[in-house]
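Please treat every number below as a calculation from the coordinates, not as lab data. Please read all numbers here as calculations on a predicted model, not as lab measurements. All Cβ positions, glycine included, derive from the backbone under ideal geometry; neighbour counts span all protein chains shown.
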Amino acid sequence: MKRIMTRSLVLWFVTFAFLAGTVYLGVMTVWHHSEWVQQPFNGHMASANGLGRAGKIYDRNDLVLAYSENDERYYCDGQSTREALLHVLGDESLNISTGIQSRYRTSLSGYNFILGAGIPDSLRPNNDLKLTVDADACRAAYEAMYGKKGACVVYNYQTGAVLCDISTPSYDPADPPEITEENESEYDGVYLDNVVSSTFTPGSTFKIITAAAAIENIPDIYDQTFTCYGSLDVEGNPITCEYAHGTQTFSEAFAHSCNCAFAEIALQVGADKMKETAEQLGFNNDSFSMSEIPIVTSHYDATGAGDNYLAWSGIGQYEDLANPMLMAMISSAVANSGTAAAPYIVEDDGNLINKLNITVNKSRDVEMLSADTASKVKELMKGSAESYAWRGVSLSGLDFCAKTGTAEVGEDKEPTAWFVGFIDDDAYPYAFAAVVVEGGYGIDAASPVVAAAISELVDK
Ligand SMILES: [Zn+2]
């Protein structure tokens, strides 16, 4: 009797272990299938680092940006266009992890969880991808960087479609360079798409956030005046303007980009409320993405830092770090009654399963501001844009709202130049952010990059 009992227990144990193993294998297969299928020992996928039989990638105008033939990967004509699109597409090295060819390699290779990878070409599901970007706008913005390091993004603030996404430095994916110790400084950060993966000192573009914080937290902000003598002493440390702006209203101080006034405003708002508004506008938040591509976290926090640092933080210095895509999203919220359109870059990935799951390509829009605050910030940005227009900035003659930034990053370095804002026109609902590292003045270095992209988009 005892022996039967033992045998029965062993049998039960073996059965349970078998079932548990089966469930485990099933779960792991669902979880890791796309990773496993890309392993080098899988002959079906191995050529050109998994891209040898990958589908075509189109831009929004159906221009073929990348395609495969005879187990090789090819790119579109025009070296400048290829370099402009390097970070959006990635290349066979897969070093650019946010590139479409890295991120969507499984969809591109035609692999499907149900149908697998080894099925004949004629029976394969469509494995092409259509992107939202405009290759001409990307090329124009890339050329307007004149070899400087930086980024430019333009996206539709109503739909979230990303039209231009360029990052520099870059290289030609059709002829990748060998990066050695001698030339590595030239290619510093080349594998990062600065639009989604980098942060920069925002300088005066951060006054958009400080202004929103003032509107929401200082009831009489529009009744106050701020007198700028060219320098403001905060705890024995001067905050300076290029020249004395004199006595100004809040709106005038924004249009003048007066550091002394905005240092005072940040002090009035206080570190906690400044942080609260910055977080409402997406700072310190790691949950944003562009399609499935994560957007790096932007940072703002001056709590416990003392008044001098709080004052500097309100004018976009101190430890403030802003990501270009987030700055475009904040502009989108200002344009869109407070709601930022979630950016996406993959229009159609040809995958039936993804089609059924519509959230895969588009995350949720982000409510950043009340409609009232958004419309007030919009008026401020319109005021500053009028002064830029007067100084020769034109975005194809369209009405726009914007803020420049000239961020100090060290005594022996030229400032980081920024231009952030949106076109105020329903026919061209484009929000933008451009950053040029060591570019000098935002209005001179960064606005032409945006203007070049917009001009291609408007001409179509
Ligand atoms: Zn001033």
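Counting only DSSP beta bridges with both residues in the chain, tell me the antiparallel percent, nearest 5.
Values: 50 of 53 bridges.
The antiparallel proportion sits near 95 percent.
Checking the a/c ratio against 1.5 first, then a/b against b/c, what shape does the Cα gyration tensor give for the stretch 150-242? Can you show the working numbers first?
Values: a/c = 4.44, a/b = 1.83, b/c = 2.42.
In terms of gyration-tensor shape, oblate.
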statement: By the mean-Cβ-within-10 Å protection proxy, highest first, 393-403, 446-456 rank as 446-456, 393-403
task: Using only the Cα atoms of the chain, build the gyration tensor, take square roots of its eigenvalues as a ≥ b ≥ c, and label the shape rounded, prolate or oblate: rounded if a/c is under 1.5, else prolate if a/b is larger than b/c, else oblate.
output: prolate
query: So how strong a dipole does the stretch 284-434 carry about its Cα centre when Lys and Arg Cβ are +1 and Asp and Glu Cβ are -1, to the nearest 20 debye?
result: 260 debye
statement: Computed over the chain: longest principal axis from alpha-carbon atoms vs helix 135-144 long axis, angle to nearest 10 degrees, is 50 degrees
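Only helical DSSP H runs with n ≥ 4 go in: add -39500 (n - 2.57) per run for the chain, normalise by residue count and round the 222 nm mean residue ellipticity to 500 deg cm²/dmol.
Counting only the DSSP helices, I get -11000 deg cm²/dmol.
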- prompt: Ordered by packing density, taken as the mean number of other Cβ atoms within 10 Å over each peptide's residues, highest first, how do 141-152, 159-170 rank?
  reply: 159-170, 141-152
task: May I ask you to list the residues of the stretch 194-229 whose amide nitrogen lies under 13 Å from a point 7 Å from Cα along the Cα→beta-carbon direction of GLU279?
output: none
Using alpha-carbon coordinates, inclination of helix 207-217 to the longest axis of the chain, degrees: 80 degrees
- line: For the stretch 160-219, listing GluC sites (Glu not before Pro) in a DSSP loop whose Cβ sees at most 15 other Cβ atoms within 10 Å gives GLU178, GLU181, GLU182, GLU184, GLU186
- prompt: Using a simple charge model, +1 on the beta-carbon of Lys and Arg, -1 on the beta-carbon of Asp and Glu, nothing else, what dipole does the chain show about its Cα centre, in debye to the nearest 20?
  reply: 2300 debye
- request: Assuming R0 = 51 Å, can you tell me the calculated FRET efficiency for the pair THR225 and THR180, based on Cβ-Cβ distance, to the nearest 0.05?
  value: 0.30
query: Using the per-residue mean of other Cβ atoms lying within 10 Å as a proxy for protection, in what order, highest first, do the peptides 312-325, 282-295 fall?
result: 312-325, 282-295
query: In the structure displayed, which of LYS56/LYS382; LYS148/LYS273; LYS149/LYS275; LYS149/LYS273 lie more than 31 Å apart, Cα to Cα?
result: LYS56/LYS382; LYS148/LYS273; LYS149/LYS273
message: Taking the number of other C-beta atoms within 10 Å as the exposure measure, put VAL346, VAL234 in order starting with the fewest.
response: VAL234, VAL346
statement: Note on the stretch 232-376: the mean projected area of its alpha-carbon convex hull, in nm², is 10.0 nm²
